[in-house]
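What follows is a set of notes on a single structure, which appears directly below.
The values are calculated or read from the model by the stated rules, or taken from the named source; none is laboratory data. Small disclaimer: the values here were computed from a predicted structure and weren't measured. Please note: Cβ atoms are built from the backbone with ideal geometry, for glycine as well, and neighbour counts cover all protein chains shown. Quick note on the areas: whole protein, heavy atoms, side chains included, nothing else; ligands and nucleic acids left out. Shrake-Rupley method; radii C 1.70, N 1.55, O 1.52, S 1.80 Å.
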Amino acid sequence: TSKNEAPESLRGHRAEITGVQVYDFNSPNRLSKEQLRRIEYLHNSFVKRASMSLAALFRGSVRLSIKSVEEADYSVFVESIPSPGATFTFAAEPLEGFGIIDVDINLAFSLIDRLLGGRGEPMSQPRELTTIEQTVAKTIAKTFAREIEWAWSSLAQLKTSIQAFVVGPETFQVYGSSTSIVAVEMRLATDNAEGTVCIGYPYPMLEPILREISKAPTFQRKREPDEKTMTQLLNVVPMTLSAR
């Protein structure tokens, strides 16, 4: 058609066209906007529970919030992970493949210092984690992995486990360049530091439950706190005790 004439299928519908989006046919999006919205909704509950679990772990204030939930090219996502870093892979049985938990290195040093009895001050010059620091950081990653189980519990019964500390980007090369990944980026802040935490779900990992995501309601049934949750709450509630 000419530049001034719309295709037959679009004639009479000009008012409905509100804009143009860039679309890469070499790397097509595999998740719909609705599926991404539902994944974001699941992680709204995740950040609330994880904040409480981390507050109990560090015996202090922890604020966790979602920054974005996006689908990205897997290779681009891997290249964006800084080095040195505090990055772990995790499994979520019965799903296949491995997800990624990445903690900002400055934030990781602050949290490690807190767990080792310090004030949680970030390091001025980030460096690679030592073997001992990797072990301590794994405790933090396990906390996130445990809450991932709960976040997805309305759709699937998962069993998560931390697999390995990632030394460099080359370790991630387990999927092809055409694979996509859903990246849930969050902001974590304590009294002395703040930074980003990112959870990555490769498409092959999510594929078996995408149909369940599409059917899931936009709300969840309110659950009564269990004994573990109540214990975590009591651990961070300020109170004064006196002997009588």
Handout entry: Selection within region 74-112 - over 15 Å from Val167 (Cβ atoms), out of contact with any strand residue (DSSP E or B) (no Cβ under 6 Å at 6 or more places or on another chain) and either in a loop (DSSP other than H, G, I, E, B) or modelled with pLDDT of 90 or more (or both)
Key = Pro94, Leu95, Glu96, Phe109, Ser110, Leu111, Ile112
Fill in the blank from the handout: Reported set for region 144-169 where residues are more than 20 Å from Ile81 (Cα to Cα) and open to solvent by less than 10 Å² (accessible area, probe 1.4 Å) is Glu147, Ile148, Ala151, Trp152
Exercise for the section: Determine whether region 92-102 contains at least one residue that is without any contact (Cβ under 8 Å) to a residue 24 or more places away in the chain and within 15 Å of Thr196 (Cα to Cα). Expected result: no
Fill in the blank from the handout: In region 27-58, residues that are surrounded by fewer than 16 Cβ atoms within 10 Å (Cβ to Cβ) and aromatic (Phe, Trp, Tyr) total 0
Problem - Check on Ser61, among the polar types (S, T, N, Q) and either crowded, with 18+ Cβ neighbours inside 10 Å or closer than 22 Å to Ala151 by Cα (or both) - result: yes
Problem - Enumeration of residues in region 158-183 that are at pLDDT 90 or above and assigned to a loop (DSSP other than H, G, I, E, B) - result: Leu158
Fill in the blank from the handout: Flagged in region 72-112 as buried (at least 21 other Cβ atoms within 10 Å of the Cβ) and among the acidic types (Asp, Glu), in numbering order, are Asp102, Asp104
Handout entry: Hits in region 124-135 (condition: in a loop (DSSP other than H, G, I, E, B) and farther than 13 Å from Gly85 by Cα)
Key = Ser124
